[in-house]
Amino acid sequence: MMYLQDLAQHQMIAYQDLFQLQKLPSSSFREPSASEFYQVLLMEGSGKISIDFVEYEFAGKIALFTTPYQHLSITGTTDFLIERLAFHGDFYCIEYHKKEVACNGLLFNNIYRHPFIPLDDDELHAIFEKIRVEIEKEEPHSEPILRTYLQLILAISSKIKIVAQQVVAQGTPIPLVKFKELLEANFLTQRNITFYADELALSPNTLTRKCKQYFGKSPSQLIQERVVLEAKKQLHLTYKSIKEVAAALNFDDEHYFSRFFKKHTGVSPTSYREKVGISIVADLSMK
C-alpha cells in the first residue's frame with residue numbers, strides 16, 4: 001500500500017503539458033474528477049467504475065477510455081496500480097486523425113457501450129513503457145514519436161473494441177436497436193421519452209426497463225448524454241458562438257443551454273471551449 005502511495009508522487013512525467021504519463025494507486029480515483037484531457041487508463045483488479053455517475057463493474061485486466069470533462073471515479077475491492085495516459089486535443093485530435101484510427105464514437109464518445117475493453121496480454125503496457133522512455137529523453141523530436149505510439153495504442157484498442165461490439169450487436173434486442181436509431185435521428189428535436197416509446201409501440205416504463213437492462217442507463221440519461229455529446233462536438237469542432245450552438249441544439253436561449261451544459265459537465269460552455277480548445281478540424285472546414 002505504501003509503495004502505491006509513494007508511486008503517485010514520483011511517477012508523473014509530461015511532454016509540454018499536453019501529453020502525460022503517470023502511475024497512480026486506484027485509491028487516487030475514489031472521488032469523482034474531470035479534466036480537459038482524453039484519458040487511457042490501464043488497470044488490473046476488480047471493482048466499479050463510475051463515468052458521469054453511471055456505474056460499470058469490471059474484473060481482470062482492462063483499458064478504460066474517457067473524454068474531456070467526463071466525471072470519473074474508480075472503486076476497487078483492493079488498491080491496485082493504474083497507468084494513466086492523458087493527452088490534450090491540441091496534441092492529438094481524434095476527429096482529425098479519424099482516417100488513421102476511427103476511435104471517435106468507438107473508444108471515445110460512445111454512450112451505448114462500456115467505456116473499457118478487456119486485455120488478454122501486456123501489449124499496451126509495453127507501448128506505455130516505450131512512451132515513458134521517450135518522454136524521459138526530453139528530446140525536441142520526441143513529439144511525432146509519441147504521437148505515433150499513441151496512435152498505435154488507439155488502433156490496437158479500436159480493433160479489440162470492434163470485435164467486442166460485433167459480438168454484443170448480435171444479441172441486441174431489436175427494439176433497442178431501433179431506439180438507438182431513433183435517438184440518433186431525433187435527439188435534436190425529441191427529448192421526451194414518450195415520443196420514443198410511442199414510436200416503438202412500448203410503454204415508457206417498459207422502454208425504461210429495457211434500456212436499463214441493456215445499456216445500464218435510462219432513456220432520459222441516453223437522451224441527455226447524446227445532447228451533451230453533440231454540444232461538446234459543436235464547441236470543439238466549430239467556431240460557432242455559444243448562442244449559435246444553443247440554437248443548433250434547439251435550446252430556447254443560450255442561458256438555458258449554458259445551465260444544461262454545466263449541470264452535466266461541471267463547466268460552462270465557454271470554459272469547456274477555453275480548456276479543451278478548438279480543433280484544427282474547425283480551421284479546415286472554413287477553407
With +1 at each Lys and Arg Cβ and -1 at each Asp and Glu Cβ, the charge dipole magnitude of the chain around its Cα centre, to the nearest 20 debye, comes out at 920 debye
Under 5 Å from the placed amide H of residue 82, counting only residues 5+ away or on other chains, we find 24, 26
Length-normalised contact order of the chain, Cα under 8 Å, at least 6 apart, in percent, tallies to 16 percent
Taking region 2-170 as the region of interest, what is the percent of Cα-Cα pairs per 10 angstrom bin, listed from the shortest bin to the one with the maximum distance? 10, 40, 39, 11, 1
Can you classify region 132-287 as rounded, prolate or oblate using the Cα gyration tensor, where a ≥ b ≥ c are the square roots of its eigenvalues, rounded means a/c under 1.5, and otherwise it's prolate if a/b beats b/c and oblate if not? oblate
Projected convex hull area of the chain, Cα atoms, direction-averaged, in nm², equals 16.0 nm²
Where in the chain are the DSSP H helices whose C-alpha atoms run 24 Å or more along the long axis and whose mean Kyte hydropathy is at least 0.0? 142-170
Where in the chain is the longest stretch that carries no chymotrypsin sites (Phe, Trp or Tyr not before Pro) classed as loop by DSSP and with at most 13 other Cβ atoms within 10 Å? 54-238
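Per-residue counts of other Cβ atoms within 10 Å, averaged by peptide: what ranking do you get for 152-158, 133-139, highest first?
Final packing ranking: 152-158, 133-139.
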Using the 10 angstrom Cβ neighbour count as an exposure proxy, how do 241, 35 rank, fewest first? 241, 35
What is the dipole size for region 1-152, taken about its Cα centre, with +1 at each Lys and Arg Cβ and -1 at each Asp and Glu Cβ, in debye to the nearest 20? 280 debye
Rounded to whole Å, give me the distance from the Cα center of region 73-100 to that of region 198-242. 23 Å
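No value in this document is a laboratory result; all are computed from the given coordinates. These numbers come from a predicted model, not from an experiment. Methodologically, a virtual Cβ is constructed for each residue, glycine included, from the backbone with ideal geometry; neighbour enumeration extends over all protein chains shown.
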